[in-house]
1. Would you please list the contacts, defined by Cβ atoms under 7 Å and residues six or more apart or on different chains, that run from a residue in segment 263-274 that is touching a residue at least 12 places away in the same chain (Cβ under 8 Å) to a residue that is open to solvent by 80 Å² or more (accessible area, probe 1.4 Å) and assigned to a loop (DSSP other than H, G, I, E, B)?
2. Kindly state which strands (runs of 3 or more DSSP E) lie completely within segment 30-146 and contain at least 3 residues that are open to solvent by less than 50 Å² (accessible area, probe 1.4 Å).
3. Being more than 30 Å from Glu90 (Cα to Cα) and either open to solvent by less than 60 Å² (accessible area, probe 1.4 Å) or not basic (Lys, Arg) (or both) is the filter here, so list the residues in segment 147-169 that pass it.
4. Within segment 10-26, is there a residue that is aliphatic (A, V, I, L, M), touching a residue at least 12 places away in the same chain (Cβ under 8 Å) and either assigned to a strand (DSSP E or B) or surrounded by fewer than 13 Cβ atoms within 10 Å (Cβ to Cβ) (or both)?
5. Out of Phe212, Phe172, which single residue is buried (at least 16 other Cβ atoms within 10 Å of the Cβ), in contact with a helix residue (DSSP H, G or I) (Cβ under 7 Å, 6 or more places away or on another chain) and either of a type outside the set (Ser, Thr, Tyr) or not in a loop (DSSP other than H, G, I, E, B) (or both)?
6. With respect to the numbered conditions (1) closer than 30 Å to Asn80 by Cα; (2) in contact with a His (Cβ under 7 Å, 6 or more places away or on another chain), which one is the sole condition not fulfilled by Gly39?
7. Only residues in segment 58-86 that are under 30 Å from Asn42 (Cβ atoms) and at pLDDT 95 or above count as the first member; pair them with residues that are of a type in the set (Asp, Glu) and open to solvent by 40 Å² or more (accessible area, probe 1.4 Å), Cβ under 8 angstrom, at least 6 apart or cross-chain, and list the lot.
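The values are calculated or read from the model by the stated rules, or taken from the named source; none is laboratory data. It should be emphasised that the depicted structure is a prediction, and the values quoted were computed from it without experimental measurement. Cβ sites come from the backbone with ideal geometry, for glycine too, and all protein chains shown count toward neighbours. In case anyone asks, the SASA skips ligands and DNA or RNA and just uses the protein heavy atoms, side chains included. Shrake-Rupley method; radii C 1.70, N 1.55, O 1.52, S 1.80 Å.
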Amino acid sequence: YYNNGENGHYTLTTLNSPFLQKDLQLNDEKGTMNVLIGGILNLSYRLSKNNKISLNIIHNHCGNKQARYQEGWSLYHEVNFQTRTLQFSERSFSAAQLRGEHTFKSLSNMKASWMSSYTHSKHDEPDLRFFTNIFETSNNDTVYEIDIAKQDLPSRYFRNMNENNFDNRIDFELPFSVKQKALKFQFGGVYTLRNRIFRENIFTYKDNNNSFTGNIENYLSDSNIGMNVDNYQNNYGIYISDGSQLSNNYDANQSIFAAYIMFDMQLSDHFRAV
């Protein structure tokens, strides 16, 4: 937590200007809380002298809460400026990996190793909130306003991302010799599949009668949202608009297949060819 921060936005007004113009100067107060939990499990089992399998499982989960308040002067619009942020996000990562190592005595001691794994990653940000307003003080009286021309409207973001990874690999190694020179013949392949889904919904609060008086709870109360039965000229007070953009939502897929073949030969005490 800190309460003595400063946040400044500056502009170079002309190319040869000797100074930066301070467009926005805010006092900054912010508090965060982080929680992290994780676990790991390793298991290994030797089936025989020449066969071994192992399993690795890991899980990490973290959460972050944040509250922030900023207030100051906006030179660009020549108004006092206030903005607030409330945020909670959580991330998780889970992975399971199964591996095997085998030696085939009947096939000239050929070795085989393989790995298959699955990973799931998740990021959830439910209800990220921004509330910004301007205000002017004159003769001990403060007038608050939400002006879309001078700041963003109060808004709420709902985001989530899910990603799955499948990784598979197999390798073979066959040792042999030619004219008493040791050689290794290796070949194998890998296949990776990844898919990701990202979604974002944005909702903004629009005001039909400029009813903000500095108290956010009253402004967002049920009585101030929707139809105003006492004022038929301005039939609605606050209403919610869906500001989601399709360009911010996507599905992505990636698949990779690779294979290789390799010879490894010791030509002499000083030379080796691969």
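1. If the second residue must be open to solvent by 80 Å² or more (accessible area, probe 1.4 Å) and assigned to a loop (DSSP other than H, G, I, E, B), the pairs left are Asp264/Val274.
2. Result: 51-74, 79-104, 110-138.
3. Once the filter is applied, which keeps residues that are more than 30 Å from Glu90 (Cα to Cα) and either open to solvent by less than 60 Å² (accessible area, probe 1.4 Å) or not basic (Lys, Arg) (or both), segment 147-169 yields Asp147, Ile148, Ala149.
4. Within segment 10-26, one or more residues are aliphatic (A, V, I, L, M), touching a residue at least 12 places away in the same chain (Cβ under 8 Å) and either assigned to a strand (DSSP E or B) or surrounded by fewer than 13 Cβ atoms within 10 Å (Cβ to Cβ) (or both).
5. From the options Phe212, Phe172, the qualifying one is Phe212.
6. Single failed check for Gly39: (1).
7. Final answer for the pair search is His61/Glu90; Cys62/Glu90; Gly63/Glu90; Asn64/Glu90.
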